[in-house]
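Heads up, the thing below is written out as structure tokens.
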Amino acid sequence: EDEMKYDLELDKALVHSMVESAQSVFSDKLTIESITNYRTGTRAYTSDYAPFFGFVPGLDGVVAASGLGSTGLTAGPLVGKILYELITDLNPSLALEDYPIENYIQMKP
């Protein structure tokens with residue numbers, strides 16, 4: 001999907017393919033006809049494809065995370081845990097310097 005850029009148009013052929021794959025693995029009860037709503041969106045990623053998270057520079061007590069791209073569904077829960085650790089004054093499970101938020105979010109001068 002990286003080559004789709006910012007095209008948010010729903011591709012029904014891709015949806016049909018995903019439903020067929022899900023049917024073969026999970027259940028044939030999932031059908032195209034059972035889908036009542038579709039949503040599309042972009043996957044947030046940075047110019048260097050690196051995720052970032054931590055305290056937002058210049059905003060006391062505010063945390064943020066982004067740049068997970070296609071790993072958001074799998075890495076998102078871990079990043080959520082890290083943010084929880086930050087706001088509850090626990091030591092984060094990952095080194096924040098490896099995911100520097102200040103490289104991507106800065107206060108305007």
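The values are calculated or read from the model by the stated rules, or taken from the named source; none is laboratory data. Since we're looking at a predicted model, the values are computed, not measured. We place every Cβ from the backbone using ideal geometry, glycine too, and count neighbours over all the protein chains shown. The protein model used for the area step is the full one, side chains on, heavy atoms only, and it has no ligands, DNA or RNA in it. Shrake-Rupley method; radii C 1.70, N 1.55, O 1.52, S 1.80 Å.
Points worth noting:
- Taking each DSSP H run with n ≥ 4 as -39500 (n - 2.57) and averaging over every residue of the chain yields -9000 deg cm²/dmol at 222 nm.
- Pairwise label distance in nanometres, residue 25 with residue 96, each label 7 Å out on the Cα-Cβ vector: 3.6 nm
- The GluC sites (Glu not before Pro) of the range 5-109 meeting both criteria, a DSSP state outside H, G, I, E and B (loop) and at most 16 other C-beta atoms within 10 angstrom of the site's C-beta, are 9.
- Given 10 as the ceiling on other Cβ atoms within 10 Å, longest exposed-site-free region of the chain for chymotrypsin sites (Phe, Trp or Tyr not before Pro) in DSSP loops: 39-109
- Cα long-axis angle, helix 72-87 against the chain (0 to 90 degrees, to the nearest 10): 30 degrees
- Carbon plus sulfur fraction of accessible area for the range 1-79, probe 1.4 Å, in percent: 55 percent
- The distance separating the Cα centre of the range 9-38 from that of the range 41-95 comes to 30 Å.
- Tail weight of P(r) past 23 Å, computed on alpha-carbon pairs of the range 1-86, percent: 45 percent
- For the range 1-65, the solvent-accessible area of protein heavy atoms averages 81 Å² per residue (probe radius 1.4 Å; ligands and nucleic acids excluded).
- Sites residue 89 and residue 43, calculated FRET efficiency, Cβ-Cβ separation with R0 41 Å, nearest 0.05: 0.85
- Across the range 21-35, computed HN-Hα scalar couplings (Karplus, 6.51 cos²θ - 1.76 cosθ + 1.60, θ = phi - 60°) run 5, 5, 4, 6, 9, 10, 6, 7, 6, 7, 10, 4, 5, 7, 7 Hz from first to last residue, x flagging Gly and Pro.
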